[in-house]
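Undergrad: Here's a structure for you.
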Amino acid sequence: MNSGVYNSRILQMLILSPRFFRFVRLLLVFLACSAAFLVADDFRLPEEQLAHKIAGITGPGAVFIEFSNRSSLPKPAFDTLRRELLTELASLGLRFVPADQAAAAVQFSLSQDLQNYIWIAEISQGTNAPVVTMVASSRSDTAPMEHSLAALTIRKTLLWQQNVRMLDATVIEGSPSHLIVLDTEKIVAYRNQDNRWQAEQFLPIVHPHPWPRDARGRLVLRRDHLLDAYLPGTLCQSSGGKTLTLTCRTSDDPWPLGSEQSGLNAFFAPTRNYFTGALAPGIGKQTTAAPFYSATVLPREKYTLGLFAGIDGQIHMLDGITDRSAGKLGWGSNLAAIHSPCGSGWQVLATRDGLGSSDTVTAYEFPDREPIIASQPLELDGPVTELWPESEGASAIAIVRDSETGVYEAYRLTVACNQ
């Protein structure tokens, strides 16, 4: 006789059973309901606070309200938030009507930083200046920066080396191509001949006042003439003809900070090594920021995000309405945004925080307000003294002082997509 044996349940049969599918459906419904409950519970207090602030400004009556989600909150959760805020406002006597019938207009936006959601309401009534009110609520979904280190690679190309302090450099493509180098006393134009840069013209910089101890400078290519050179309290402009001349004058004109497309300009403190914080024309309605060493902007679908490396050691984020600190990102004082065919199309290059004999530059993506590491750090032989985007925006120039030799080196930095 064959002895009886017990066969354990086959896993595949268990997974495909109707009971299993009923269980999965119930579980999904439960999780969806739980998520909605958690959103409502987390947002109940800020909804009440913001609704009372809005009603305190508008009073009861007809209002037009427009919603914008600038945060990472999913659309279903934002829709729930929207309905509950409208319910809260209605309980305070507000009626919702089209814009042409309203006594007041409210533009609501939900933003965020690394720790909080930022609830913002901009209220307009008649010819009065708009009033902005806001509240903050902690985020339960905060997490460390994601690391996708294989997304792209930063490539460096050595352009030039010299013993004299170098402030900026840029390449003018053509046949032949030219390299323009800026230091504290002159601009030198080099021509590419047999794959070597040969000095072609020296243009002295005339300045009536001594430079600050840690002088800085910026080269910007122009369409109606070759270039402008910005230095502390001084602006130098080249001629537009074939033979270059340079005219320098005392100036407090704002410096262009980004590429030609960014449109971000700021005023430099002529006796220091940083920017005062006054912007021209600014980001949205914000025309000032905390004093900073460097800054850049990232275009968004409905707004512009400005990143500022403040002299307080913080990275400040301006979105046209709010100025939020990004906290401790470990970034240094130099950053620049470049446009590439990789990832989202825009990357921020940032140096490392802290002093040392070497430095690094890392590329970051910004899906919204939280940076995501998108490259391995690019190791350099010394500290980065300047980091400027080139005029076309597809590359940046890093000025590095070699820690062993003291020689200044100009590198062109570009981003390559990893396949």
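Undergrad: Would you say Ala363 is touching a strand residue (DSSP E or B) at 6+ places or on another chain (Cβ under 8 Å), among the small types (Gly, Ala, Ser) and crowded, with 22+ Cβ neighbours inside 10 Å?
TA: Judged against the criteria, Ala363 is a match.
Undergrad: Is there any pair with a first residue in region 74-89 that is farther than 15 Å from Leu45 by Cβ and a second that is modelled with pLDDT of 90 or more whose Cβ atoms are under 6 Å apart and which are 6 or more apart or on different chains, and what are they?
TA: Arg82/Phe67; Leu89/Ala51
Undergrad: Another question, if that's okay. Is it the case that some residue within region 26-49 is at pLDDT 90 or above, in a strand (DSSP E or B) and not aromatic (Phe, Trp, Tyr)?
TA: no
Undergrad: Given Tyr293, Tyr303, which one is farther than 18 Å from Ser71 by Cβ and touching a residue at least 40 places away in the same chain (Cβ under 8 Å)?
TA: The unique qualifying residue is Tyr293.
Undergrad: Of all the residues that make up region 216-232, how many are surrounded by 13 or more Cβ atoms within 10 Å (Cβ to Cβ), assigned to a loop (DSSP other than H, G, I, E, B) and at pLDDT below 95?
TA: Applying the first criterion (surrounded by 13 or more Cβ atoms within 10 Å (Cβ to Cβ)) to region 216-232 yields 216-222, 225-232.
Adding the requirement that they be assigned to a loop (DSSP other than H, G, I, E, B) leaves 216-217, 222, 225-226, 232.
Next cut, at pLDDT below 95 only: 222, 225-226.
Residues that pass the stated criteria total 3.
Undergrad: Follow-up question, since we're still on this one. Sort through Thr360, Thr304, Thr385 and tell me the only one that's among the β-branched types (Val, Ile, Thr), at pLDDT below 90 and not assigned by TED's automatic domain parsing to the domain that holds Ile118. Don't jump to the end; show me each part of the working.
TA: On the way: Thr360 fails: at pLDDT below 90; Thr385 fails: at pLDDT below 90.
Among Thr360, Thr304, Thr385, only Thr304 is among the β-branched types (Val, Ile, Thr), at pLDDT below 90 and not assigned by TED's automatic domain parsing to the domain that holds Ile118.
Undergrad: Tell me which residues, restricted to region 319-343, are among the polar types (S, T, N, Q) and closer than 30 Å to Met134 by Cβ.
TA: The answer is Thr322, Ser325, Ser333.
Undergrad: Of all the residues that make up region 284-307, how many are within 12 Å of the chain's Cα centre (by Cα) and either surrounded by fewer than 19 Cβ atoms within 10 Å (Cβ to Cβ) or of a type in the set (Val, Ile, Thr) (or both)?
TA: Here the count works out to 6.
Undergrad: Next up: Among (1) crowded, with 18+ Cβ neighbours inside 10 Å; (2) in a loop (DSSP other than H, G, I, E, B); (3) not hydroxyl-bearing (Ser, Thr, Tyr), there is one condition His209 misses while meeting the rest; what is its number?
TA: Going through (1) crowded, with 18+ Cβ neighbours inside 10 Å; (2) in a loop (DSSP other than H, G, I, E, B); (3) not hydroxyl-bearing (Ser, Thr, Tyr) one by one, His209 breaks only (1).
The values are calculated or read from the model by the stated rules, or taken from the named source; none is laboratory data. Predicted, not measured: the structure shown is a model, and the values here were computed from it. Positions of Cβ are backbone-derived with ideal geometry, glycine not excepted, and every protein chain shown enters the neighbour counts.
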